[in-house]
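The values are calculated or read from the model by the stated rules, or taken from the named source; none is laboratory data. In this text the structure is predicted, and so the values were computed from the model without any measurement. Note: ideal-geometry Cβ built from the backbone for every residue, glycine included; neighbour counts use all protein chains shown. For accessibility, only protein heavy atoms count, side chains too; no ligands or nucleic acids. Shrake-Rupley method; radii C 1.70, N 1.55, O 1.52, S 1.80 Å.
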Amino acid sequence: MARRAAAAAGTPPPPPADRPPRGHRSGGDGQGKMRVLAWISIGLTTAMVAGLLTVYTLMRDTFGNITEKSVKEDIINPRPPETGALNVLLVGSDTRAGKGNARYGQKLAREADAGGKRTDTIILMHISPNRDKARLISFPRDSMVQIPKCKNEATKQVMAPRRDMINSAYNSGGVACTISTIETLTQIRINHFVEVDFSGFKNIVDALGGIEVCLKSGVNDKDSKLVLPPGKSLLNGEKALGFVRLRKYGDNSDIQRIRRQQIFLSKVVAKATSSDLLTDLGRLREFIGAAASSVTMDPELANDTERLIEIATSAREMTAGGVQFTTVPWGADPADPNRVVWKEPDATQLFTAIKTDTEVTVAAPSASASAKPKVTIKPEQVRVQVLNGTKTFGKAREVADELVKQGFTVVELGNYEAAGGASVAKSEVHYAKTIESAADHASTLAGAVLPKPAAASGKVKATNAQPYASTVPAAAGAPAKGTPVMQLVVGEDFDSVKVTKLPDSVSKSSITASEQKNVCT
């Protein structure tokens, strides 16, 4: 595989243009062009690996143009555990190193900066453990966050932790520091990364034969140099650049512009995975060659055909409405109206949903198993008594609040003390032996807790039990009268409650590929 040296770190980026809070400065024309091109080029990675991976040997020479870069040795912070999901960090780089890149990067104040790089685009592509769902999470570039200690990409010197814009991690520490920052903030394990520069953007669109878009009304925008009629238009590479950077259209909002970009991305993926392209080896080679020349990835991903196939398969799901585009919930930074901070607890709930998205395993029934059909119990049907089996004060209430957010009905809080007064090492679920349906309720509760606790018949003795007064809005509906009460004994190993119900701020900012099929309606 060809290898390219990482570009020198760039200078801090200008203020963003993505839907700023009141008082937020908007970037200039050059800045906007850079930002939009970087954002949309991210999707080309997914489209590229989606191309005819079943004939990988035939295309090996073309794939050889992909640059490999190992950064594992530069990640110096503790890493979250694996969950079975596939999480790929997608970074759009505006490096001016390399042929053709300088003309697209914005003009810099100093000549010496001409080889630098920045990112205005940080996206986490999360593919579920069962490889049947995908979510692309966009991190606003001007988010003020805590950057952990990192190695400087150029000097390899360790930089002290600091509060800064999230994209400054990439500017000074490269991909390794960006991975560490996101892992530290979200506790989500990043399995692989893909870096994309946008110099080949136009060539890639042209290699696909153009991308068709549909507009309610015509466009005549001087800033983006784009003129399009109402209805359908087939965009070549040059017009595609204008489309993805188009601002003065519709209600002129950044939200509409971002959604247009997402529509364009989904159409790129759809065309890259279409049978027309996959069966035309000449066009396919041209497309993969154009994309590969603009991609850098970790060697483990670049050389793992099976993993690339997994990503390609998930890319196909995008065209079937199986992918969601989400932006981390945010609000204006009280300390600086030109920056943003993540909205809590909404952002944490989004990250928890990702890190608790674990493999669903179903045990095969034995030959002697009862013919009785399995009963599916929903969280809303389960009543719980939460007992603190640790020495951490308030742990029962903390866990109870998490359970209520996911629909469970918590009725009591209390404590449980193991023999000898020691903390309980592992969480446990207990249920009454005498109630036939209790085991099904216990199974639902145990499946919502990580690590998954063992469920056993026979309740334990609680101490200091008292009614639970919820500070969290209860889910719609209530358990039926006579529903058994489960006991959850919280152990030292407790990590979290699986998040399946996301807050409104996340749901409202998410759109699926199926919602993007017809822009004209």
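Among the residues of region 205-224, the ones that are among the small types (Gly, Ala, Ser) and closer than 14 Å to residue 242 by Cα come to 3 in all. Which residue is nearest to residue 457 (Cα to Cα), if the candidates are limited to region 381-405 and must be of a type outside the set (A, V, I, L, M, F, W, C) and part of a helix (DSSP H, G or I)? The extreme case among them is 381. Considering region 484-505, and only residues there that are assigned to a loop (DSSP other than H, G, I, E, B) and among the β-branched types (Val, Ile, Thr), the residue that is surrounded by the fewest Cβ atoms within 10 Å (Cβ to Cβ) turns out to be 500. Restricting attention to region 388-411, the residues that are closer than 21 Å to residue 439 by Cα and either touching a helix residue (DSSP H, G or I) at 6+ places or on another chain (Cβ under 6 Å) or open to solvent by 60 Å² or more (accessible area, probe 1.4 Å) (or both) total 4.
Do we have any residue at all in region 103-118 that's over 21 Å from residue 178 (Cα atoms), open to solvent by 10 Å² or more (accessible area, probe 1.4 Å), at pLDDT 70 or above and charged (D, E, K, R)? No - not one qualifying residue is present in region 103-118.
In this structure, is residue 185 more than 26 Å from residue 266 (Cβ to Cβ) and under 14 Å from the mean Cα position of the chain (by Cα)? In short, yes. Pairing each residue of region 482-496 that is over 15 Å from residue 398 (Cα atoms) with any residue that is of a type in the set (Gly, Ala, Ser) and surrounded by 19 or more Cβ atoms within 10 Å (Cβ to Cβ), provided the two are 6+ apart or on different chains, yields C-beta distances under 8 Å for 484/438; 486/438; 486/442; 487/462.
Is there a residue in region 421-441 that is within 21 Å of residue 499 (Cβ to Cβ) and modelled with pLDDT under 95? Yes, that holds for at least one residue. Filtered by the rule that a residue be among the small types (Gly, Ala, Ser) and either modelled with pLDDT under 95 or crowded, with 21+ Cβ neighbours inside 10 Å (or both), region 144-176 gives 154, 168, 169, 172, 173, 174, 176. With respect to residue 343, determine if the residue is modelled with pLDDT of 85 or more, within 30 Å of residue 498 (Cβ to Cβ) and crowded, with 21+ Cβ neighbours inside 10 Å. Spelling it out, it is not the case that residue 343 is modelled with pLDDT of 85 or more, within 30 Å of residue 498 (Cβ to Cβ) and crowded, with 21+ Cβ neighbours inside 10 Å. Residue check: residue 185 meets all listed conditions (1) open to solvent by 10 Å² or more (accessible area, probe 1.4 Å); (2) free of Cβ contacts under 8 Å to residues at least 40 places away in the same chain; (3) within 20 Å of residue 159 (Cβ to Cβ) but one, namely (2).
Considering only residues of region 415-462 that are open to solvent by 60 Å² or more (accessible area, probe 1.4 Å) and of a type in the set (Val, Ile, Thr), which is nearest to residue 379 (Cα to Cα)? So the residue we want is 435.
Might you let me know whether region 406-422 holds any residue that is assigned to a loop (DSSP other than H, G, I, E, B), under 25 Å from residue 355 (Cα atoms) and among the aromatic types (Phe, Trp, Tyr)?
Checked against the condition, which is being assigned to a loop (DSSP other than H, G, I, E, B), under 25 Å from residue 355 (Cα atoms) and among the aromatic types (Phe, Trp, Tyr), region 406-422 yields at least one hit.
For region 188-202, what are the residues that are at pLDDT below 95 and more than 27 Å from residue 261 (Cβ to Cβ)? Within region 188-202, none qualify.
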